[in-house]
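In what follows, a structure is listed as structure tokens, so that the remarks can point back to it.
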Amino acid sequence: MSPAPLPASRWQFDPASWPSSDLVAIGADLEPATLVAAYSAGVFPMRVDGHLGWWSPMTRGVLKPDELHVSRSLRKSAKRFQISVDTAFDDVIAACAAPDRPHGWIGPDIQDAYRELHRLGWAHSVEARDAEGRLAGGLYGVAIGGLFAGESMFHHQRDASKVALMALVELLGHERLIDVQWQTPHLASLGVTTLSRREYLARLPALCAGPLPPIWSGATAHRHDSDPSRL
């Protein structure tokens, strides 16, 4: 479904006032209008020492869809999975928030906030399912125009989260951007590059003002049967 209209946020995210560090603010709330305003301004929430922190990395990890690296082995793995979209958002975010995951930070309040964003049509999941239809891996994030702000991904079976990312790239098409927050060696191997904060913020208004990809502006609970190995 198309995202529901939201009221103006009562919080302002002003890059001119941000320090030269990844953590730029503490406080505010997790209301839908706050979250959408934050992503539109270039920040995302993550708790720090029990407080709600807002982050805008000085060096931002991004994936341009036409720069995804797909190895031969990953193409082979992709044939083992089917892709669905927005059919198991609650299960995906619960798996991403599993308490046994290292560096876990997705608490119940974060889960509730993004479930509400999903209900309103702003947050989405991509699921990779095995031959028996079981959820093998997936990812979730926030879609605003041509921006997909990825929040987290998980896998129960080898390569399932990578296949979900491959499918996301196919679904989005070109002329869009996937924000992954920070570049890691693992993400770099998939084609994730970096932009400075200044470069990222300069690109953001045009991205957010762009049209939503058809997959997000159409119906939810969509089964996507194309083969992600053909990317």
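The values are calculated or read from the model by the stated rules, or taken from the named source; none is laboratory data. Since this is a predicted model, take the numbers as computed values, not measurements. All Cβ positions, even for glycine, are placed from backbone atoms using ideal geometry, and neighbour counts span all protein chains on display.
Criterion first (out of contact with any Cys (no Cβ under 7 Å at 6 or more places or on another chain), surrounded by fewer than 16 Cβ atoms within 10 Å (Cβ to Cβ), without any contact (Cβ under 8 Å) to a residue 60 or more places away in the chain and within 21 Å of Val43 (Cα to Cα)) does Trp182 satisfy it?
Working: out of contact with any Cys (no Cβ under 7 Å at 6 or more places or on another chain): yes; surrounded by fewer than 16 Cβ atoms within 10 Å (Cβ to Cβ): yes; without any contact (Cβ under 8 Å) to a residue 60 or more places away in the chain: no; within 21 Å of Val43 (Cα to Cα): yes.
Taking the combined requirement at face value, the residue does not satisfy it.
Give me the strands (runs of 3 or more DSSP E) completely within region 112-231, filtered to those with at least 1 residues that are within 12 Å of the chain's Cα centre (by Cα) and at pLDDT below 95, ordered by residue number.
Values: elements: 123-129, 135-144, 147-155, 177-181, 193-196, 222-224.
Counting at least 1 such residues, we get no strands (runs of 3 or more DSSP E) at all.
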Can you tell which of Ser40, Ser77, Ser56, Ser73 is buried (at least 17 other Cβ atoms within 10 Å of the Cβ) and over 28 Å from Leu212 (Cβ atoms)?
-> Ser77
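Find the residue count for region 83-113, including only residues that are in contact with a Phe, Trp or Tyr (Cβ under 7 Å, 6 or more places away or on another chain) and touching a residue at least 60 places away in the same chain (Cβ under 8 Å). Write out each step before concluding.
Keep residues of region 83-113 that are in contact with a Phe, Trp or Tyr (Cβ under 7 Å, 6 or more places away or on another chain), which gives 89, 92-93, 95-96.
After this cut, where a residue has to be touching a residue at least 60 places away in the same chain (Cβ under 8 Å) as well, the list is 92, 95.
Of the residues in region 83-113, 2 are in contact with a Phe, Trp or Tyr (Cβ under 7 Å, 6 or more places away or on another chain) and touching a residue at least 60 places away in the same chain (Cβ under 8 Å).
Against the condition within 13 Å of Ile144 (Cα to Cα) and in contact (Cβ under 8 Å) with a residue 12 or more places away in the chain, how does Ser56 come out, does it pass?
Values: within 13 Å of Ile144 (Cα to Cα): no; in contact (Cβ under 8 Å) with a residue 12 or more places away in the chain: yes.
No; evaluated as a whole, the condition is false for this residue.
Every residue in region 26-37 that is among the hydrophobic types (A, V, I, L, M, F, W, C), over 17 Å from Ser152 (Cβ atoms) and either within 18 Å of the chain's Cα centre (by Cα) or surrounded by 20 or more Cβ atoms within 10 Å (Cβ to Cβ) (or both), please.
Taking region 26-37 first, the residues among the hydrophobic types (A, V, I, L, M, F, W, C) are 26, 28, 30, 33, 35-37.
From what is left, the residues that are over 17 Å from Ser152 (Cβ atoms) are 26, 28, 33, 36-37.
The answer is Ala28, Ala33, Val36, Ala37.
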Failed condition for Ala188, given (1) without any contact (Cβ under 8 Å) to a residue 12 or more places away in the chain; (2) crowded, with 20+ Cβ neighbours inside 10 Å = (2)
Condition met for Phe89 (under 19 Å from Leu212 (Cβ atoms) and touching a Ser or Thr at 6+ places or on another chain (Cβ under 6 Å)) = yes
Would you confirm whether any residue within region 53-60 is modelled with pLDDT of 95 or more, in contact with a strand residue (DSSP E or B) (Cβ under 6 Å, 6 or more places away or on another chain) and hydrophobic (A, V, I, L, M, F, W, C)?
-> yes
Scope region 122-137; condition out of contact with any strand residue (DSSP E or B) (no Cβ under 9 Å at 6 or more places or on another chain) and farther than 17 Å from Cys96 by Cβ; matching residues | Glu132
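Just to be sure, is Arg75 among the basic types (Lys, Arg), in contact (Cβ under 8 Å) with a residue 24 or more places away in the chain and in contact with a helix residue (DSSP H, G or I) (Cβ under 6 Å, 6 or more places away or on another chain)?
On the way: among the basic types (Lys, Arg): yes; in contact (Cβ under 8 Å) with a residue 24 or more places away in the chain: yes; in contact with a helix residue (DSSP H, G or I) (Cβ under 6 Å, 6 or more places away or on another chain): yes.
Criteria met by Arg75.
Kindly indicate whether Ala94 is surrounded by fewer than 17 Cβ atoms within 10 Å (Cβ to Cβ), of a type in the set (A, V, I, L, M, F, W, C), within 19 Å of Ser152 (Cβ to Cβ) and at pLDDT 95 or above.
On the way: surrounded by fewer than 17 Cβ atoms within 10 Å (Cβ to Cβ): yes; of a type in the set (A, V, I, L, M, F, W, C): yes; within 19 Å of Ser152 (Cβ to Cβ): yes; at pLDDT 95 or above: yes.
Considered against the rule, which asks whether it is surrounded by fewer than 17 Cβ atoms within 10 Å (Cβ to Cβ), of a type in the set (A, V, I, L, M, F, W, C), within 19 Å of Ser152 (Cβ to Cβ) and at pLDDT 95 or above, Ala94 comes out as yes.
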